[in-house]
Amino acid sequence: MGAETAEQLQVRARDALAHFVEVRESDDGSLGFEYAGALCSLRAVNLAPGLDVLSVTAVLAWDRPVKPALHKKVAEKNSMMQFGSITVITRGKLADVILRYTFPAAGLEDEALTTMLLLVLSGADQGRQGLLP
């Protein structure tokens, strides 16, 4: 496949996602989409020569009351996550729950890239369950 730039990797990721979701390009160059109710963002980044990664962020829940039960649910979900980690970002009495996962993706064939993206998004779907009233 040869050397691939982060920009080319992001185009391939967009093309892979387009089979499952409506993808839009944000003003900052990242890709935005919704998956199973989660608001998602994806960006390809070159960390070093030959090390291009895809960074996926998914907002699983927002404006949730900050309570011990929320932190307990997130800890339980994290123990079951295979791809990524879930964090609680508090803003006063409310919190957002975010899934983040970054993985090296340069050199992955299209089918493997699609599989990785779907595995991460499946985790977002599972992580979102039980976080909303």
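Treat each spin label as a single point 7 Å out from the Cα along the C-beta direction, and report the ALA48 to PHE83 distance in nm.
Distance between label points: 2.4 nm.
Taking 4 °C and 1.567 mPa s as the conditions, I'd like the Stokes-Einstein D for segment 54-122 in µm²/s, using the Kirkwood hydrodynamic radius from alpha carbon pairs. Write down the numbers at each step before the final one.
Details: Rh = 13.2 Å.
Answer, rounded: 98 µm²/s.
So how tilted is helix 110-128 from the main axis of the chain? Cα-based, degrees 0 to 90, rounded to 10.
10 degrees
Taking the Cα centre of the chain as the origin, how large is its charge dipole in debye, to the nearest 20, when only Lys and Arg (+1) and Asp and Glu (-1) carry charge on their Cβ atoms?
On the way: 13 positive and 16 negative charges, 200 e Å.
In total the dipole reaches around 960 debye.
At q = 0.09, 0.15, 0.18 Å⁻¹, work out log10 I(q)/I(0) for the chain with the Debye formula, treating every Cα as an identical point scatterer and leaving solvent out; two decimals please.
-0.27, -0.71, -0.96
Please give me the summed charge of the neighbours of VAL53: other residues whose Cβ is under 15 Å from its Cβ, Lys and Arg +1, Asp and Glu -1.
Here the count lands on 0.
Determine, from the Cβ-Cβ distance of SER122 and VAL66 and an R0 of 35 Å, the FRET efficiency 1/(1 + (r/R0)^6), rounded to the nearest 0.05.
Calculated transfer efficiency: 0.80.
Tally Lys and Arg at +1 and Asp and Glu at -1 over the other residues with C-beta under 9 Å from the C-beta of ASP63: what net charge comes out? Walk me through the numbers before you get to the answer.
Working: positive: ARG64, ARG91; negative: ASP96.
That works out to +1.
Taking the Cα centre of segment 11-80 as origin, work out the dipole magnitude from +1 charges on Lys and Arg Cβ and -1 charges on Asp and Glu Cβ, in debye rounded to 20.
Using Cβ point charges on Lys, Arg, Asp and Glu, segment 11-80 gives about 440 debye.
Could you tell me the distance between the Cα centroids of segment 90-107 and segment 1-33, to the nearest Å?
If you average the Cα positions of each part, the centres end up 18 Å apart.
Considering the chain as a Gaussian network with a 10 Å cut-off on Cα pairs, which listed residue, ALA48, ALA69, ALA106, attains the greatest mean-square fluctuation?
Sorting by GNM fluctuation, first place goes to ALA48.
What's the longest uninterrupted piece of the chain once you rule out the GluC sites (Glu not before Pro) that are loop residues per DSSP with at most 14 other Cβ within 10 Å?
With GluC sites (Glu not before Pro) excluded where exposed in loops, the chain gives 23-108 as its longest stretch.
Between beta-carbons, use under 12 Å as the cut-off and find the net charge around LEU113, counting Lys and Arg +1, Asp and Glu -1.
-4
What residues qualify as long-range amide H neighbours of LEU60, i.e. H under 5 Å apart, gap of 5 or more or another chain, H built at 1.01 Å from N?
HN-HN under 5 Å from LEU60: VAL97, ILE98, LEU99.
Quick note: the coordinates plus some simple rules give every number you see, no bench work behind them. Quick caveat, the model's predicted, so the values are computed rather than measured. Don't worry about glycine lacking a Cβ; one is built from the backbone with ideal geometry, like all the others, and counts go over all protein chains shown.
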